[in-house]
Amino acid sequence: MSEPVRKYVTEFIGAFFLVFTVISSVSTHSQLAPLGIGAVLMVMIFAGGHISGGHYNPAVSIAAFVRGRLDSSDLVPYIVAQLIGGTLAALLGLWMFTNHAGSAWSGKPLWMALVVEILFTFALAYVVLNVATSKDHPDNSFYGLAIGFTVAAGVVAVGAISGAAFNPAVALGVTLSHLSPWGNIWVYWGAQVIGGVAAGLTFKALNPTDA
């Protein structure tokens, strides 16, 4: 993957998760929506800042261009990547939250839980790999904050949908403690494996020299 494409994909990922968290936390009427939105922006900046600068916002990219910190050749692709990410997040939100009410474990289709567990397990693993294993962040002091707030953002955004496990061990724990029925564990485990594998492949694609 070329250097410019790496930056554009990173901007796409960050914008997608920012917009999806906005839509999901508002749609589920979370009282902590501002915290979740701020948290996901923070962790995506931690995760992708070493690749693209972590703009995730056309206005920020324009400001960086005017400031002289973004090349003119990157300005339009950055904005396009951000808008595509936001658009796909909006379409997913429209698909998930139109004509559906209640939580996944109280009547909402299980596929919604599957989708959000894949997305936020991916986000969690993506952040972990970028802040705790990347050679661009040696001995950083923020990895725990970034990882913890990724989970916080996910809980705020989709906790009402899936219970926000994002971890097969957590999924097993809530099942054994009867907080979730055994019939739902395949949703957790299947989604979490998919999200983890996708995050690993994405990290390798965006950080090709980071062996």
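Quick notes on this structure:
- Close pairs (8 angstrom Cβ cut-off, 6 or more residues apart or separate chains): touching a residue at least 40 places away in the same chain (Cβ under 8 Å) in the stretch 191-210, among the aromatic types (Phe, Trp, Tyr) and part of a loop (DSSP other than H, G, I, E, B) anywhere: GLN192/PHE166; GLY195/PHE166
- Residue match in the stretch 89-99 (condition: at negative phi, at pLDDT 90 or above and not small (Gly, Ala, Ser)): yes
- Any hit, the stretch 172-179, residues being small (Gly, Ala, Ser) and in contact (Cβ under 8 Å) with a residue 24 or more places away in the chain: no
- Of all residues assigned to the stretch 175-194, at least one qualifies as being in contact with an Asp or Glu (Cβ under 9 Å, 6 or more places away or on another chain) and polar (S, T, N, Q).
- For the residues VAL131, VAL127, VAL115, VAL151, the requirement of being within 14 Å of GLY36 (Cα to Cα), out of contact with any Gly (no Cβ under 7 Å at 6 or more places or on another chain) and of a type outside the set (Ser, Thr, Tyr) singles out VAL151.
- Per this entry, VAL193 is not counted among residues that are closer than 29 Å to PRO138 by Cβ, surrounded by fewer than 17 Cβ atoms within 10 Å (Cβ to Cβ), under 20 Å from the mean Cα position of the chain (by Cα) and modelled with pLDDT of 90 or more.
- Of the helices (runs of 4 or more DSSP H) that lie entirely inside the stretch 1-100, those containing 3 or more residues that are under 18 Å from the mean Cα position of the chain (by Cα) and surrounded by 15 or more Cβ atoms within 10 Å (Cβ to Cβ) span 3-27, 33-52, 72-97.
The values are calculated or read from the model by the stated rules, or taken from the named source; none is laboratory data. No experiment lies behind these values; they were computed from the predicted model shown. Cβ coordinates were reconstructed from backbone atoms using ideal geometry, including for glycine residues, and neighbour counts include every protein chain displayed.
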